[in-house]
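The next block holds one structure in the form of structure tokens; read it before the comments.
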Amino acid sequence: MLSFGDFQPFLSQIRRTPAKVVLQVQTLAQAKEALSAGADAVIAQGTEAGGHGGARSTFPFVPAVVDIAQGVPVIAAGGIADGRGLVAALALGAAGVLCGTAFVATDESLADATVKRAVMAGQGDNTECSVVFDLARNLQWPPQWNLRALANPFTKQLGSDVAGLVRYLESERARFKVAVAMSDLEIAAVIVGEAVDLVRTGGPAGDVIQTMIRAAESQVRRVYSGVMDS
């Protein structure tokens, strides 16, 4: 699975293995390029996703990619964390979904326990896209791919003063590094998407998947029953 940047240099190496080529895209132009390159599946990522992403919203972006995919499976990503999101993605023509935020608080997640608690208490209203965490982590990401995470005092202080952050970058990076080591979420990042509202429990990742599937099946039965009754 490749995302963000030029995937072409890696394709010949991947093609020499049994692996499938899955390319994540954030624009229709990228989707066309991925399909032209012979991707086995394309992930259409909406801006609602946690971490780095583009500017397109999942709901209109996924069917636009499906319309040009000519049968290549399209996987929906961004803002999907429960059975309702799964059903919506399938209704848009997606072959499946890619979820990240839904699994941050699970037992198998490598996230710190403090982060997991913050995720289970988080609100989508409190996520934002910015360059602050990338600069603090010394990651040079292109400006079209900002990072979505929970806002905190660190981002609120420096998000509107990126020039100030750059001016004192060395000391701010040192402060950020200490905060990560201490799990100080006043400064450290909690990288999640807008679907964080839907994550209120932890537990095994397998349980999250099964709950999502059961909820999707229930939603489909409810909708189908309503259609038949009418």
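The values are calculated or read from the model by the stated rules, or taken from the named source; none is laboratory data. On a predicted model such as this, the values are computed, not experimentally measured, just so you know. Here Cβ is always computed from backbone atoms with ideal geometry, including for glycine, and neighbour counts include all displayed protein chains. Accessible surface is based on the protein model in full, side chains and every heavy atom, while ligands, DNA and RNA are left aside. Shrake-Rupley method; radii C 1.70, N 1.55, O 1.52, S 1.80 Å.
Observations on the model:
- Only helices enter this figure: runs of n ≥ 4 DSSP H residues, each worth -39500 (n - 2.57), summed and divided by the residues of the chain, yield -13000 deg cm²/dmol at 222 nm to the nearest 500.
- q = 0.13 Å⁻¹, the stretch 45-108: log10 I(q)/I(0) [Debye, one scatterer per Cα]: -0.33
- In the frame of its principal axes, the stretch 1-111 has Cα extents of 36, 33, 24 Å, reported largest first.
- Charged side chains reduced to their Cβ positions (Lys and Arg at +1, Asp and Glu at -1) give the stretch 1-84 a dipole of some 180 debye around its Cα centre.
- Gyration tensor verdict on the stretch 145-185 (Cα atoms; rounded if a/c is under 1.5, prolate if a/b is larger than b/c, oblate otherwise): oblate
- Contour minus Cα-Cα distance for residue 15 and residue 139 (0.36 nm per residue): 41.7 nm
- Reduced Cα scattering model of the stretch 134-227, Debye log10 I(q)/I(0), q = 0.11, 0.13 Å⁻¹: -0.52, -0.64
- Straight-distance candidates among the lysines for linking to residue 32, with alpha-carbon spacing under 30 Å and chain neighbours fewer than 8 residues away dropped: 20.
- About the Cα centre, charge dipole magnitude for the chain (Lys/Arg +1, Asp/Glu -1 at Cβ), debye: 300 debye
- Projected over every direction and averaged, the convex hull enclosing the alpha-carbon atoms of the stretch 79-135 yields 5.5 nm².
- For the pair the stretch 165-230 / the stretch 105-144, the C-alpha centres are spaced 9 Å from each other.
- For the stretch 77-145, the solvent-accessible area works out to 48 Å² per residue, with a probe of 1.4 Å and every protein chain left in place.
- Where the Cα pairs of the chain fall when distances are cut into 10 Å bins, in %: 8, 28, 32, 23, 7, 1, 0
- Selected from 23, 92, 158 as most flexible by GNM, with the chain as the system and alpha-carbon contacts under 10 Å: 158
- Pair residue 113, residue 224: separation of 7 Å Cα→Cβ label points (nm): 4.4 nm
- Pair residue 156, residue 55: separation of 7 Å Cα→Cβ label points (nm): 2.7 nm
- In the chain, the portion of solvent-accessible area held by carbon and sulfur atoms comes to 56 percent [1.4 Å probe, whole percent, DNA, RNA and ligands not counted].
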